[in-house]
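The next block holds one structure in the form of structure tokens; read it before the comments.
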Amino acid sequence: MKQTFLLLIIFISINIVSAQNFNYQTDFKKLVEQSKDIESPNNYEKLKTEFIKNGENFTKEKVIALMAGQTASKYYDAYGHISNERSYQNAVRFPADTTYKYAKYYMGVNPISLSFNYGLWKTYEKDKDKKNAEKFKQRFNLLVESILTTGDGSNEKPFFVISPIDGQVIIRLYYGKEIGMMGSGEDTHGNFVDILEMVDKENSKSLNFVIDHAMGLFRKQLKEASEKEIEDKYEIDENGKIILKKKN
């Protein structure tokens, strides 16, 4: 019995990625695989259901596991959802009914979106619904603080984010700072990163956010779009030559 218990402890220790020691190069892929395993505690559907019900009480480890799973889910469309995310960042400018109307749908698509949780926090706050405002405020802060454990913002240890605009959200809406220069590049492992300058008077510094997973999906979408465009424009004639399709 003691031996079985010890083996269980060792197994759990091996399969849980510490938030403080997260390594994108190795742990991200591991968590993505676990997110697809229905027997894993890091299974995406299980974690998502739990987060929707009780996300403000998640550990940072579970948040990071859910983030990795989100990038591999059928709902993940990093660049396609940017306009929705920007709308939620400015949710207080719209009627609350409009925000609530789409909240249930987006909760099922991406409950850990920084912009989404920020928008609900500020909308409930505007409506003087203190209970829900506090809940989504806690979720927003937990999500950001979990991201900040995944690195130090350097080129060697960039922060892991799921949306290409999460870095902007963190700088503007969490830290309350301005964004200076914006660029992109690669980290020391060749992963695509966003590079944002956080302007804080004489203490301004550049922060790196790894979004290689988002770019991978974007490249795939571009390739599929290009292939479809080719199929729409060209055909093979009876001699095996590629020719422009005749317009009807």
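Observations on the model:
- Residue count for the range 109-132, restricted to those that are surrounded by fewer than 16 Cβ atoms within 10 Å (Cβ to Cβ) and touching a residue at least 12 places away in the same chain (Cβ under 8 Å): 3
- Whichever residue in the range 77-106 is over 19 Å from ARG172 (Cα atoms) and open to solvent by less than 30 Å² (accessible area, probe 1.4 Å) and, among such residues, is nearest to the chain's Cα centre (by Cα): ALA78
- Taking each residue of the range 157-176 that is on the phi > 0 side of the Ramachandran plot and touching a residue at least 12 places away in the same chain (Cβ under 8 Å) and looking for partners that are surrounded by 21 or more Cβ atoms within 10 Å (Cβ to Cβ) and among the β-branched types (Val, Ile, Thr) with beta-carbon atoms closer than 7 Å, six or more apart or interchain, yields nothing.
- Filtered by the rule that a residue be modelled with pLDDT of 95 or more and surrounded by 21 or more Cβ atoms within 10 Å (Cβ to Cβ), the range 194-213 gives LEU196, LEU207, ASN208, PHE209, VAL210.
- Check on GLU33, open to solvent by 10 Å² or more (accessible area, probe 1.4 Å), assigned to a helix (DSSP H, G or I) and either within 24 Å of GLY151 (Cα to Cα) or among the hydroxyl-bearing types (Ser, Thr, Tyr) (or both): yes
- Any hit, the range 179-186, residues being closer than 18 Å to ALA78 by Cα, open to solvent by 50 Å² or more (accessible area, probe 1.4 Å) and not in a helix (DSSP H, G or I): yes
- Any hit, the range 51-65, residues being open to solvent by 60 Å² or more (accessible area, probe 1.4 Å) and modelled with pLDDT under 95: no
- Restricting the range 136-163 to residues that are part of a helix (DSSP H, G or I) and surrounded by fewer than 18 Cβ atoms within 10 Å (Cβ to Cβ), the residue that is farthest from the chain's Cα centre (by Cα): GLN138
- Test: ILE170 is touching a helix residue (DSSP H, G or I) at 6+ places or on another chain (Cβ under 9 Å), among the hydrophobic types (A, V, I, L, M, F, W, C), under 24 Å from THR59 (Cα atoms) and part of a helix (DSSP H, G or I): yes
- The residues in the range 38-76 that are under 24 Å from LEU173 (Cα atoms) and among the polar types (S, T, N, Q) can be counted, and the count is 5.
The values are calculated or read from the model by the stated rules, or taken from the named source; none is laboratory data. Quantities reported herein were computed from a predicted structural model and do not represent experimental measurements. Please note: Cβ atoms are built from the backbone with ideal geometry, for glycine as well, and neighbour counts cover all protein chains shown. Areas reflect the complete protein model, heavy atoms only, side chains present, ligands, DNA and RNA absent. Shrake-Rupley method; radii C 1.70, N 1.55, O 1.52, S 1.80 Å.
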